[in-house]
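Notes to accompany the following structure.
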Amino acid sequence: QVQLVESGGGLVQPGGSLRLSCAASGSISRILSMAWYRQAAGKQRELVATITRGSSTSYANSVKGRFTISRDTVESTGYLQMNSLKPEDTAVYYCNVVDTKYFSYWGQGTQVTVSS
């Protein structure tokens, strides 16, 4: 089992930055990959960024060049640095990990609101 706790969301003006954190605990040695998803009101949840155990990263086209995903394996924490935020980035952001048995775990979500 893996437990995830997100933090770092909030209200920011367009063009601003936020850094989301995802603290993992439990069977962290079994984590294969970590990802960030988001779900805007009335829309489906979408994949934002992924980082593998080998630190390979991938991003949705809508956030490429603005968002950066990273992991601190010592502290078992993942991050999503979000720059040049736009109103369309407003959503609840969720951390997700997949373990070596391909079980998927989710955090509780953190709200990001981009508005002037």
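Numerical summary
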quantity: For ARG45: the one exception among (1) among the charged types (D, E, K, R); (2) touching a Leu at 6+ places or on another chain (Cβ under 9 Å); (3) open to solvent by 70 Å² or more (accessible area, probe 1.4 Å); calculated: (2)
quantity: Residue tally, condition farther than 17 Å from GLY109 by Cβ and free of Cβ contacts under 8 Å to residues at least 24 places away in the same chain, over the range 38-66; calculated: 14
quantity: Of all residues making up the range 64-116, the number that are farther than 15 Å from ARG38 by Cβ and not hydroxyl-bearing (Ser, Thr, Tyr); calculated: 11
quantity: Among the candidates SER27, SER17, SER62, SER55, residue that is surrounded by 14 or more Cβ atoms within 10 Å (Cβ to Cβ) and of a type in the set (Gly, Ala, Ser); calculated: SER27
quantity: Matching residues, the range 78-107, being under 18 Å from SER56 (Cα atoms), at pLDDT 95 or above and part of a loop (DSSP other than H, G, I, E, B); calculated: none
quantity: Every residue from the range 1-54 that is among the hydroxyl-bearing types (Ser, Thr, Tyr), under 21 Å from PHE103 (Cβ atoms) and part of a strand (DSSP E or B); calculated: SER25, SER33, TYR37, THR50, THR52
quantity: Verdict on SER115 being modelled with pLDDT under 95, in contact with a strand residue (DSSP E or B) (Cβ under 7 Å, 6 or more places away or on another chain) and among the hydroxyl-bearing types (Ser, Thr, Tyr); calculated: no
quantity: The range 79-105, subset touching a Lys or Arg at 6+ places or on another chain (Cβ under 6 Å) and either over 16 Å from ALA24 (Cβ atoms) or free of Cβ contacts under 8 Å to residues at least 24 places away in the same chain (or both), residue least open to solvent (accessible area, probe 1.4 Å); calculated: ALA91
quantity: Of the criteria (1) modelled with pLDDT under 95; (2) touching a Phe, Trp or Tyr at 6+ places or on another chain (Cβ under 9 Å), which one SER21 fails; calculated: (1)
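The values are calculated or read from the model by the stated rules, or taken from the named source; none is laboratory data. These numbers were taken from a predicted model, which means no experiment stands behind them. Please note: Cβ atoms are built from the backbone with ideal geometry, for glycine as well, and neighbour counts cover all protein chains shown. Ligands, DNA and RNA are stripped out before the accessible areas are found, and what is left, the full protein with its side chains, is counted by its heavy atoms. Shrake-Rupley method; radii C 1.70, N 1.55, O 1.52, S 1.80 Å.
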